[in-house]
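Notes for the one structure printed next.
Here, each number is a calculation from the coordinates, and none is a lab measurement. What you see is a predicted model, and the numbers here were worked out from it, not measured in a lab. All Cβ positions, even for glycine, are placed from backbone atoms using ideal geometry, and neighbour counts span all protein chains on display.
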Amino acid sequence: MWIVYGGAFNPPTKAHLCFATRILQEPEVEKLIFMPVGDRYDKPELIAAKHRLAMCRLMAQHDEHFEVSSLESDSQAQFGTYYSLMSLQKLNPNRQFAFLTGADNFSYLTKWVEAERLLENFQIWVMPRLGFDCAALLQQEPLLQKNQSHLRFLNFLPLLDISATEIRRQIANGAERVDALEEVVMAYIKTHELYGAKL
């Protein structure tokens, strides 16, 4: 199985790397693909996709089973997760795909573009996040109940409380290093003066 780890990665953090590394240990997982959202994604303080893609590639050097997809980053439109996974499936018809997301994003998955088709055709792996009760959400959403066999809640993962907003604030305030970032990622941020960083 190939796991697609979607997200803003604004910036990619040690928490992202920790989760990805742990998920590679699952026996059915052959590869994990980081897939940053494109520039059309509506999220505040989102820097250019080319930089988030480059930082993910730096982070992906940790393991030969990591890969980075520019599928959404290269797109001029925001088609949605279902269409992205279908595109990857067409390129790799003999592979099974699952989408990895956090409980915060999962909490509104039924509102995603083509949510029903996404849930029917792909597995969704959900990472725990503080303050989000996936079991309660499951009881409230008939669409999730209907496709419960395609949901996997990764309760074995640690609850890492790392805030990208706080990381960006530290960088803007002149931090020379940020504990939650890999050194290569921080070096890239400084070199390109992202998030208010200065050389």
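Near L100, the amide H atoms lying under 5 Å from its own belong to V4, Y5, G6, W125; only residues 5 or more places off or on other chains count, and H is placed 1.01 Å from N. Separation of the stretch 1-36 from the stretch 139-196 is 11 Å, based on Cα centroids.
If R0 is 30 Å, the Cβ-Cβ spacing of L199 and L160 corresponds to a FRET efficiency of close to 0.50. Along the chain, the longest continuous region that contains none of the GluC sites (Glu not before Pro) in a DSSP loop with at most 13 other C-beta atoms within 10 Å is 65-175. Annotation: the stretch 44-133 has a Kirkwood hydrodynamic radius of 14.9 angstrom, from the mean reciprocal C-alpha pair distance.
Applied to the stretch 92-104, the Karplus parametrisation 6.51 cos²θ - 1.76 cosθ + 1.60 on θ = phi - 60° returns per-residue 3J(HN,Hα) values of 9, x, 8, 10, 9, 10, 10, 9, 9, 8, x, 4, 5 Hz, with x for Gly and Pro. Spherically averaged projected area of the convex hull of Cα atoms, the stretch 108-198: 8.0 nm².
What the phi angles of the stretch 124-129 give under the Karplus curve with 6.51, -1.76 and 1.60, with θ = phi - 60°, is a coupling list of 10, 9, 10, 8, x, 9 Hz, glycine and proline written as x. Run the reach check for K43 against lysines, Cα to Cα strictly under 27 Å, same-chain hits fewer than 8 apart removed. What comes back? Of all the lysines, those that pass the test against K43 - Cα under 27 Å, at least 8 places apart if same chain - are K14, K111, K190, K198. Could you pull out the longest piece of the chain with no exposed loop trypsin sites (Lys or Arg not before Pro) in it, calling a site exposed if DSSP puts it outside H, G, I, E, B and it has at most 12 other Cβ atoms within 10 Å? That gives 1-94 as the longest site-free run.
Each principal axis of the Cα atoms in the stretch 3-64 has its own extent, and those three values, largest first, are 36, 18, 16 angstrom. For K31, the residues whose modelled amide H falls within less than 5 Å of its own, excluding neighbours fewer than 5 places apart on the same chain, are I3.
Computed from backbone phi, the HN-Hα couplings of the stretch 3-8 come to 9, 9, 9, x, x, 6 Hz, rounded to whole numbers (Karplus: 6.51 cos²θ - 1.76 cosθ + 1.60, θ = phi - 60°; Gly and Pro given as x).
At a Förster radius of 22 Å, what calculated FRET efficiency corresponds to the Cβ-Cβ distance of R152 and F79, to the nearest 0.05? Walk me through the numbers on the way to the answer.
Values: r = 24 Å, r/R0 = 1.10.
With R0 = 22 Å, the Cβ-Cβ based efficiency is 0.35.
Tell me the chymotrypsin sites (Phe, Trp or Tyr not before Pro) within the stretch 52-114 that lie in a loop according to DSSP and have at most 13 other beta-carbon atoms within 10 Å. Display every interim value, and only then the final one.
On the way: sites: F66, F79, Y82, Y83, F97, F99, F106, Y108, W112; in loops: F79, Y108, W112.
Filter output for the stretch 52-114: Y108.
With Cα atoms as the point set, the radius of gyration and Dmax of the chain evaluate to 16.7, 52 Å. Among residues other than L137 with Cβ under 15 Å from its Cβ, the summed charge is +1 (Lys and Arg +1, Asp and Glu -1). Relative to the dominant Cα principal axis of the chain, helix 81-91 is inclined by about 80°.
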